């Protein structure tokens, strides 16, 4: 089968690799029809992780079931399914508590928890930027879709990661009807957090970024765009909230945050959120932070640390939730919102391309080129 193979920093190629196949009785084999390039893929693409050359990316996947193992009871050949990026067993201590983002079975390292398709340090699972994908514990991990699955693939594929991840940010932030919510980062996840905050009834959603195409998308769903290359975002948020600060906020950037001049400043968004959110407010952090970052520019960041404004955070009595999203906690209800026409996460999609066009797409998406807001790949062709 063909797959998007990592060849080294900022280099991928579409190559023939061994076919994915059913290996255990609980496996499901999926013919991938739609798979996304995610902002998290860029950390690996840029060489900022220990992702091994020769592996292939792809944790935002959906497709058609073409084979099931003897131990699969629910999922059937012909089903259209979307797969949570979390590979989870469904029966370990964490999975039983709904924390499929920290599965203990799918992660072979006993000192770690959590697994994902085609992701650094998240187990051996092959990615779905390929023609075929092996799905372990298929009955548990497959979310079946309705008759409109192919027609609305660009919406449903967002259930694999970024829509539930954006929603998780608002869940940790405690966004409630009438709240004023600020979101730092208008990449795909930040835009999904803005959409989620709107779904949850926020009266005012403010989105901080500096890319005009992303800010336009935020405005298209009713959010207030704040360009931090033009104004102080903290002052802008205070202005919008009578000087009190937002009720809650979401961090959707992560450890490669930059200041407007282009210099990396991994603590920038976290500290600005502390300043932007009111006393006793809540912050949900889904932007990726890593335990080690050898490519960082300073010693703290190289060891996965940031100079966090703990004093002000403590003084304001704020609350912080962080970590990867447990996709299965949200994907079923978010699927039903899409099916009912209440949510259309595909508004962020700028390009739908064939798998063969992936190398060029990675270059444009990594460069944050104008108009490259979200890339969807179609292994069978567009």
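Of note:
- Largest GNM mean-square fluctuation among 286, 182, 14, using the chain with Cα springs under 10 Å: 14.
- Which of 117, 330, 6 has the fewest Cβ neighbours within 10 Å, and the rest in rising order: 330, 6, 117
- Net length available on complete extension from residue 31 to residue 279 is 84.3 nm, with 0.36 nm assigned per residue and the Cα-Cα distance removed.
- Where only alpha carbons of region 151-247 are counted, the Rg and the Dmax (Å): 13.1, 46
- Debye log10 I(q)/I(0) for region 162-322, one point scatterer per Cα, at q = 0.10, 0.11, 0.19 Å⁻¹: -0.31, -0.37, -1.16
- 222 nm mean residue ellipticity, helices alone, for the chain (DSSP H n ≥ 4; -39,500 (n - 2.57); rounded to 500): -6500 deg cm²/dmol
- Centre separation in Å (Cα based) which lies between region 43-107 and region 263-316: 29
- The modelled label-to-label distance for the pair residue 352/residue 242, using points 7 Å beyond Cα in the direction of Cβ, is 4.6 nm.
- Treating r as the C-beta distance of residue 232 and residue 23 and R0 as 35 Å, the FRET efficiency rounds to 0.05.
- The long axis of helix 188-199 is offset from the longest Cα principal axis of the chain by roughly 70 degrees.
- Choice from 291, 345, 136 with maximal GNM fluctuation in the chain (Cα, 10 Å cutoff): 291
- Angle between the chain longest axis and helix 162-173 axis [Cα atoms, degrees, rounded to 10]: 40
- For residue 148 and residue 66, the FRET efficiency from 1/(1 + (r/R0)^6), where r spans their Cβ atoms and R0 equals 22 Å, is about 0.60.
- Value in Å of the Kirkwood radius, where the chain supplies the Cα pairs that are averaged: 20.8
- Separation of region 138-183 from region 1-30 is 25 Å, based on Cα centroids.
- Most fluctuating residue given options 101, 267, 331, as computed from a GNM of the chain linking Cα atoms under 10 Å: 267
- Taken along its three principal axes, the alpha carbon spread of region 121-168 comes to 32, 26, 21 Å, from the longest extent down to the shortest.
- As a length-normalised measure over Cα pairs under 8 Å and 6 or more apart, the relative contact order of the chain settles at 18 percent.
- Inter-label distance, nm, simple model (7 Å from Cα along the C-beta direction), residue 340/residue 308: 3.6
- Extension gain for the segment residue 109 to residue 264, taken as residue separation times 0.36 nm less the Cα-Cα distance, is 52.7 nm to one decimal.
- Ranked 195, 104, criterion: other C-beta atoms within 10 Å, fewest first: 104, 195
- Placing a label point 7 Å from the Cα of residue 176 along the Cα-to-Cβ direction, the residues of region 223-251 whose backbone N falls under 13 Å of that point are 247-248.
Here, each number is a calculation from the coordinates, and none is a lab measurement. Quick caveat, the model's predicted, so the values are computed rather than measured. Cβ sites come from the backbone with ideal geometry, for glycine too, and all protein chains shown count toward neighbours.
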